[in-house]
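What follows is a set of notes on a single structure, which appears directly below.
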Amino acid sequence: MSKGEPAHRPLPSVEQLTSLTTGVDYWTSAALPSHRVRSLRMADGPHGLRVQDDANPDHLGLERSAPATCFPPAVTVASSWDTGLIREIGRALGREAKAAGVDVVLGPGLNIKRSPLCGRNFEYYSEDPLLAGVLAAAAVNGLQSAAVAACAKHFAANNQETDRMRVSAEIDQSAIREIYLRAFQIMLRESTPWSIMSAYNKINGVYASENHWLLTEVLRSEWGYEGVVISDWGAVHDPVEAVNAGLDLRMPGQPSDARVPEAAASGTVSRSRLDDVAARLRRLGELTAPPVDGPGIDYDEHHRLVHRAAIDSAVLLKNDGILPLDDSVVQNVAVIGELARSPRYQGAGSSRVNAISVTTGLQALASRIEAAGGTVTFAAGYPLDSDEPDARLIADAVETARQADVTLVFLGLPDAHESEGQDRTSIELPIVQLELLDALAGLELPLVVILSNGAVVTTASWKGDVSAILEMWLTGQAHGEAVADVLFGAEPGGRLAETIPVRLSDTPAYLSFPGEESVVVYGESTFVGYRYYDARSIPVDHPFGFGLSYTTFRHDAHDIRVHPVDDPIAFTVDVTVTNLGKRIGSEVVQVYAGGRGVAGAASHELKGWAKVQLQPGAQEVVHIQVQRDDVSRWSRALQRRVPLVGQLAIFVGSNSRDLPFSARVDLPGVAERIPLNGLSTLGEFTSHPSVGPLLDELVQSRGGYGSRIGDLLTEEAGRVNVLAIPISTLVDLPGVPYAADDVEQLLSAQ
C-alpha cells in the first residue's frame, strides 16, 4: 500500500462494477478510480497504428487516421519465418503506440488460412498452427516489451469474411483442437498476451463472444489464461450471456445498455464475476502504465526496419537466371503495370494505415537505373478500377516492352479484390492483368513479374511465359526501395507460409467455403493447407515452405538426438548447411514429422525450423529443437492432448514437398490407453495389459467359448469379426461364458 493511501478502501458497488464490462465510447474503456481501474485507449494496428478521432470513428478504414509507420502485414512477415524480425517490428509498433497514448493494440491476427479466398488473409500468418502461433507470439512479445498490450485475435475460427458476424463454423473436435484452437494455444505457450479478442462468428452454434466453453472452460480453466478478453467491435448480441461466458469488455462502448446492471442486481450475473472483470482491467492498466523509455520515435529507423522486413520476406517463386539484374549491364528497362505507379503495399479495411511516406516501385527503379546511366520507360498496361481490359493500354505496354532490354511487370490484387468484410471468388489475377500478360508473352522477350497481393494468386497458367516471378506480398511503406533492391541483388529471404494451389477446385475447403444459410461446415477437418495437398499428392503451383534464392544450399550430416521423456524437448535435429554459391543467402531448414498411420493424421506436419544466413562458401550447423508438446495429439476419448510415443518418422528439407532426409526415431514413454467401457470391443478387452489376462482366466475357468461364437473364434475371418463386437453386445450371445456383472468387475480392474 502506498503512503497516504486509505487503510480500508470501500468496495465498489455492483453498479460501478458493471460499468467496466463495456467501453465508454468507440475506443476507450471505463475507469473506476476507487478500484484503481484506469481508462484504457485501444487502436487498430496489426501492421501499423490507426489512432482515430473518437467523434468520428471509422473501424472499417474508409477515412484517414493519424500518420504512422506502415509495417508489412502478417502475410508478408510470415514468409520471413523470422521470429526475431517480427519481435523487432512489434516493439517498434509498440513504441509508436505508447507515444500516441495507446494502451492496447488490436493485433496480431493469427486465424488459420483455411481457404485462400478469405478476404482478410493478409492479416493472418499461415495455414499451419505451429508457424502461426510461434510468429504471433513473437509479435506479442515485441509489442508488450514497450508496455503496450497486444490483443491477439480473433478467438476463434474466424476464417472467412462472408457472413462473418453471424455464421456458425461447424467444426469437429479434432479439427478445432489440432488446427483452429491450436494456433492460439501455441501463442499462449510462447507468450503472454495481456488481452485477447473474441471473434464475431459462432462456433458450433454459439457466438464466440458468448461461448462459455471457449472463453472459460478452454481459455481460462484448461489453458490458464489470466488476461482480459475483449469483444470484436459489435460482436456481442447478449451482453449478459457474454459476461457470464467469460467476456470482460464489450466494445464499442454501450454504457446506456441496462441489461448487465439489471442482471447483476437480480443475481443473474454474480458479484464474483464482476470482481474478476475489475481485477483483470486493473492489472491491464498497471501493465500498460509505464511511460515510453528512451528518446522519441525514430521514424527513419522504423522505415529502414520496414525496408529490411520486406526484403527478408520476399519470396522468389521462379528464376531462369535473369535475376538479380545488373544495373551496369541493363540499360533500357520497361516498367509495366499501374501497380508500379500506384502501389498496393497494405491491406484494406480496419487495418489500413495512413503511412508516413511511401515510395513507388516506379520511382525507386527510375532513380536507381537512371543513376547508373540507363533509362526507364513506363506503361500502365491495365486499369485498377475496372475489370474490362483496355486495348489501348495493352498496346502501349507491348510497344514499350518491345523497345526494352528487360521488362518488369507489376501485377497483383487491387484493394477491391481483397478486403475485410468480403471474400474473394477466385485465386487468379484480375482479368485485365492476365490479358496484359498474354499480350506481352507473345513478344518472347525477358519478363520479370513482381507480385503485390495479400492473399495467394495462382501462377500456374502463365508462369511458363515469364523468366522470373517475385512475390513481394504487401511490403509496407518501403515498397519501392525494397522491390528495387531485391531485383538488383538484395537476397529475397522469404519462404511460403501457405501453399499456392494450381486451381481453386483443388483447395481443401472448396466444396464448403463459405457455406450457406449462415452455416459453414469444416468438412476437410484437420486436412488444411499442405496437410491436404500432400496427403492426397495433389499437384500444387508452389508448396508450403517453398522459396528460391540467389544462391544454392546443401544440407549434410543430419543427426537426431532423442531427449529423455521428462525433457520438454522431444528431440533435436542437427543439420549442417553450406552455401554453395557466390552470393550471401538465407535458408530455412524445416523439420516435419508423421507417418504414424493414425486415423485423421496428416502424412507429415511441421514441427520446427531454423533460418540461417550464410556468406558464400560458409557452413553452419543449425539445431532445431522440437517440443514434446508439438508431438502430441488431441484425444477425443481422453479429452486432452496425449504425447506420441514409439516410432515416429522425421523428415528434413526445404519445403513440404522437398524432404530428402528421413529417419525413424523411438520416442520414450508409455502410450496412454483409452479406458475400457461397455462399448469396448472384445479385441480391446483382450489386448488390455491388466484386463486381458483376467478375462482370459475367467473364460478358461468356465470352459471357454461355446456355440457359434466358439466356432468363429477358431476361424481366421470369424475371429476378426468376433473381436470387433462390443462386449456389452457379446454377453447376450449364446456360448459366451460371462455376463454383464462379470464385465463390470473386469472394468473395475483397470
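The values are calculated or read from the model by the stated rules, or taken from the named source; none is laboratory data. Predicted model, so just to flag it, every value in this text is computed and none were measured. All Cβ positions, even for glycine, are placed from backbone atoms using ideal geometry, and neighbour counts span all protein chains on display.
Quick rundown of the values:
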| quantity | calculated |
| --- | --- |
| Residue match in the stretch 136-145 (condition: in a loop (DSSP other than H, G, I, E, B) and surrounded by fewer than 24 Cβ atoms within 10 Å (Cβ to Cβ)) | yes |
| Flag if ARG561 is charged (D, E, K, R) and under 30 Å from GLY464 (Cβ atoms) | no |
| Candidates ARG282, ARG304, filtered to the one that is at pLDDT 95 or above, over 29 Å from the mean Cα position of the chain (by Cα) and either surrounded by fewer than 18 Cβ atoms within 10 Å (Cβ to Cβ) or not assigned by TED's automatic domain parsing to the domain that holds VAL466 (or both) | ARG282 |
| Qualifying position, being at pLDDT 95 or above, among the hydrophobic types (A, V, I, L, M, F, W, C), surrounded by 13 or more Cβ atoms within 10 Å (Cβ to Cβ) and not assigned by TED's automatic domain parsing to the domain that holds LEU181, among ILE709, ILE725 | ILE725 |
| Odd one out for GLN331, checked against (1) in the same structural domain as SER452 (by TED's automatic domain parsing); (2) farther than 27 Å from ALA439 by Cβ | (2) |
| Filtered residue count, the stretch 216-234, keeping only those that are surrounded by 23 or more Cβ atoms within 10 Å (Cβ to Cβ) and in contact with a strand residue (DSSP E or B) (Cβ under 6 Å, 6 or more places away or on another chain) | 5 |
| Residue tally, condition among the hydroxyl-bearing types (Ser, Thr, Tyr) and buried (at least 17 other Cβ atoms within 10 Å of the Cβ), over the stretch 537-567 | 3 |
| Flag if LEU117 is more than 20 Å from ASP44 (Cβ to Cβ), crowded, with 24+ Cβ neighbours inside 10 Å and more than 12 Å from the chain's Cα centre (by Cα) | yes |
| In the stretch 505-522, residue farthest from the chain's Cα centre (by Cα) [restricted to those that are of a type in the set (A, V, I, L, M) and buried (at least 23 other Cβ atoms within 10 Å of the Cβ)] | VAL520 |
| Residue selected from the stretch 255-271 under the condition in a loop (DSSP other than H, G, I, E, B) and of a type in the set (Gly, Ala, Ser), by the criterion surrounded by the most Cβ atoms within 10 Å (Cβ to Cβ) | SER270 |
| Tally, over the stretch 316-350, of residues that are closer than 23 Å to TYR382 by Cβ and β-branched (Val, Ile, Thr) | 4 |
| Qualifying positions in the stretch 706-750 - hydroxyl-bearing (Ser, Thr, Tyr), within 25 Å of PRO675 (Cβ to Cβ) and not in a helix (DSSP H, G or I) | TYR738, SER748 |
